[in-house]
Amino acid sequence: MNNQKLDSANASPTKEFFVNMITKDISLEDSILDLIDNSIDAAKHSSGSQPMTLGSQIDLSQYTISIKLSSNSFIIVDNCGGMTLDNAIKHAFSFGRKPGIEPEQYGIGVYGIGMKRAAFKLGRDITVRSTYVEGNRIRQSFKVPIDVEEWLKSKIQSWDFDIVEAEDMEENGVEIQVRNLTSAAKNALANPAFVQNLRRMLARDYSLYLNKGLNLIVNGERISGLHLEFAGSEEFVPMRISYNGLQNGDEIFVEMIGGMAAPPPDSTEPDEKQNSDKRFGWYIACNGRIVLAADKTEVSGWGTTNWPQWHRQYAGFMGIVLFSAYNTAALPLTTTKRSVDLTSDVYKTAQVKMRDLTKEWINYTNERKQALDAAKEKEARAKAIPIQQVENRESIALPKLPAVKPVERPANVQYSVPVKRMKRLAGELGNINLPYREVGLRSFEYTYEDLVGEE
Ligand SMILES: Nc1ncnc2c1ncn2[C@@H]1O[C@H](COP(=O)(O)OP(=O)(O)O)[C@@H](O)[C@H]1O
Ligand SMILES: [Mg+2]
């Protein structure tokens, strides 16, 4: 048989399949975070694309990202500079990043899917609007209205969206409005518990940005960033190291910091509500975005080789790893940004150090059980230190606790002798009225000294 071509089999995806598939494995919350990631990338671009390390001096206080959620619509507006028409034509709306289009330097968008996936997940009537200035030209604006049902139905093969004229927004930036919400989005956005949980996620996952002044507003209320802190003293000193790692030829700057965030609990019984454990565990940030928070699972390493499973006894520990890379694609990011790519070399290298640090803490919590009072007294003297203020140190310092002597097991002796003989021996020992117990002990000591000798 030769390989002569007969015909070709059509393998292009259908739009329906595509829309369903890309929205399936991501939560609504994480989709919304993808939109915020884009605004942050734009803000970072506008302010000179610097890495988001612990020592970063970047000031984001002029940037505001505002989200409005209701049962009818989802609206996000930013003043982070906007997207250019050229970008919208060539790149922003394409599904997946085209070869040759570089990700934002030190950015958090990489796969070229987040904005489209979030919009589809939220609803069926989408408008993306942008106002921007390019070079020293005047302000320009455009919008991209997307009627998802129409787009799905349209017979033409094209996947393109129309770009139309639009009025300028107040400030340069992007606005995304979604109406005709999906039923899942409708229910969630009107649910106060969903909104509250979203606020909590934003405060945590963007804490590094929020603490650099970024304004993030949900339904009119500003989110303040979670302050990650350690508890430190002369005896409790967190570890802080940094090094350059490599991922397929790309350099990644790695910072690791870990130690006691709070004293461990007195009781090691599982905490039913798990409330008190919420803060503890490992945090992983990629270019400043926290993708794994307070992790106590195998993703950070608990329960893997040479690393015990998380147990309440270890509560109080906090560790943070920050990966910063010029090329976002080199980071150990998953597409949903809700976990870490476990096959990443740079992550595997970091895990070894994470395990060693965790072990020190585990040992401390074991020793602590034997000297609880001394430990608690030392722990109570530790004061809060913000992560940025932790000094470089190769390993964690934990106090030496007083060693407890092992308790010797006693041998109890009981025997019967005639009273007459007992009294005679008591008399020989100096006092006929000595208690029998005393006679027994003294005669043991006497014989022991004679036969075994001094210790
Ligand atoms: N708020 C925004 N401000 C400026 N540009 C944006 C904004 N949102 C999206 N974009 C542009 O659209 C592109 C596509 O976004 P997205 O689908 O999330 O993929 P990715 O972030 O991986 O590139 C971004 O790379 C960016 O150029
Ligand atoms: Mg994105």
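Please treat every number below as a calculation from the coordinates, not as lab data. Remember, predicted model here, so these are calculated numbers, not experimental data. Heads up, the Cβs are rebuilt from the backbone with ideal geometry, glycines too, and the neighbour counts pull from every protein chain shown.
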Quiz item: Cα-Cα over 27 Å: which of Lys337/Lys376; Lys155/Lys186; Lys44/Lys153; Lys15/Lys337?
Solution: Lys337/Lys376; Lys155/Lys186; Lys44/Lys153
Quiz item: Hey, what did segment 229-389 get for relative contact order, percent, Cα under 8 Å, at least 6 apart?
Solution: 30
Practice problem: Could you go through segment 250-255 in sequence order and give the Karplus-derived ³J(HN,Hα) for each residue, using 6.51 cos²θ - 1.76 cosθ + 1.60 with θ = phi - 60°, rounded to whole Hz, and x for Gly and Pro? | Solution: 8, 7, 10, 8, 10, 10
Quiz item: Whole number please: convex hull volume per residue of the Cα set in segment 15-221, in Å³?
Solution: 130
Quiz prompt | In sequence order, calculated HN-Hα J values of segment 29-38 (Karplus, 6.51, -1.76, 1.60; Hz; x Gly/Pro) | solution = 4, 5, 5, 4, 4, 4, 5, 5, 3, 5
Quiz item: By how many degrees, between 0 and 90 and to the nearest 10, does the Cα long axis of helix 345-370 differ from the longest principal axis of the chain?
Solution: 30
Quiz item: Around Ser339, which amide H atoms from residues at least 5 apart in sequence, or from another chain, sit under 5 Å from its own amide H, with H modelled in the peptide plane?
Solution: Thr334
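Can you figure out the FRET efficiency of Ile432 with Asp266, using R₀ = 56 Å and their beta-carbon distance, to the nearest 0.05?
My answer for the efficiency is 0.55.
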Exercise. With label points built 7 Å along Cα→Cβ from the Cα atoms of Ser242 and Val299, find their separation and express it in nm.
Key: 2.6
Practice problem: Among DSSP beta bridges whose residues both lie in segment 15-221, state the antiparallel percentage, nearest 5. | Solution: 90
Quiz item: Any idea what the relative contact order of segment 15-221 is, in percent, if you count C-alpha pairs under 8 Å spaced at least 6 apart?
Solution: 30
Practice problem: Determine the dipole magnitude for segment 15-221: charges of +1 sit on the beta-carbon of Lys and Arg, -1 on that of Asp and Glu, nothing else is charged, the reference point is the Cα centre, and the result goes in debye to the nearest 20. | Solution: 480
Quiz item: Relative to the first principal axis of the alpha-carbon coordinates of the chain, what is the inclination of helix 436-451, with its axis defined by its Cα atoms, in degrees from 0 to 90 and to the nearest 10?
Solution: 90
Quiz item: Which of the lysines could a cross-linker bridge to Lys90, judged by Cα under 19 Å and excluding same-chain residues fewer than eight apart?
Solution: Lys98, Lys116, Lys143
Practice problem: Taking H placed 1.01 Å from N in the peptide plane, check which residues at least 5 places from Val291 or on another chain put their amide H under 5 Å from its amide H. | Solution: Ile284, Ala285, Cys286
Quiz item: Looking at segment 362-455, which chymotrypsin sites (Phe, Trp or Tyr not before Pro) are in a loop (DSSP not H, G, I, E or B) and have at most 13 other Cβ atoms within 10 Å?
Solution: Tyr415
Quiz item: Magnitude of the Cβ-charge dipole of the chain, K/R +1 and D/E -1, about the Cα centre, nearest 20 debye?
Solution: 1060
Quiz item: What residue among Ala411, Ser207, Ser267 has its Cα farthest toward the positive end of the dipole of the chain, where the charges are +1 on Lys, Arg and -1 on Asp, Glu, each on the Cβ?
Solution: Ala411
Practice problem: Pairs of Cα atoms under 8 Å, at least six residues apart: use those to get the relative contact order of segment 82-156, whole percent. | Solution: 28
Quiz prompt | FRET efficiency, His91 to Lys68 (Cβ-Cβ, R0 30 Å, nearest 0.05) | solution = 0.65
Quiz item: Where does the chain land at 222 nm, in deg cm²/dmol rounded to the nearest 500, when only DSSP H runs of n ≥ 4 count, each adding -39500 (n - 2.57), divided by all residues?
Solution: -9000 deg cm²/dmol
Quiz item: Along segment 423-435, what does the Karplus equation 6.51 cos²θ - 1.76 cosθ + 1.60 (θ = phi - 60°) give for ³J(HN,Hα), rounded to whole Hz, x for Gly and Pro?
Solution: 5, 4, 5, 4, x, 4, 7, x, 7, 4, 9, 4, x
Quiz prompt | Convex hull per residue volume in Å³, alpha carbons only, for segment 153-264 | solution = 273
Quiz item: Sequence-distant or interchain residues sharing an amide H contact under 5 Å with Asn327, placed H: which?
Solution: Tyr106
Quiz item: Cα axis of helix 192-205 to longest principal axis of the chain: angle in degrees, 0 to 90, nearest 10?
Solution: 80
Quiz item: Suppose R0 equals 41 Å; then what is the FRET efficiency for Glu235 and Ser141 from their Cβ-Cβ distance, rounded to the nearest 0.05?
Solution: 0.10
Practice problem: Calculate the spin-label point distance for Ile163 paired with Gln50, positioning each point 7 Å from the Cα along the beta-carbon direction, and give it in nanometres. | Solution: 3.2
Practice problem: Please order Tyr63, Tyr111 by the number of other Cβ within 10 Å, starting at the fewest. | Solution: Tyr111, Tyr63
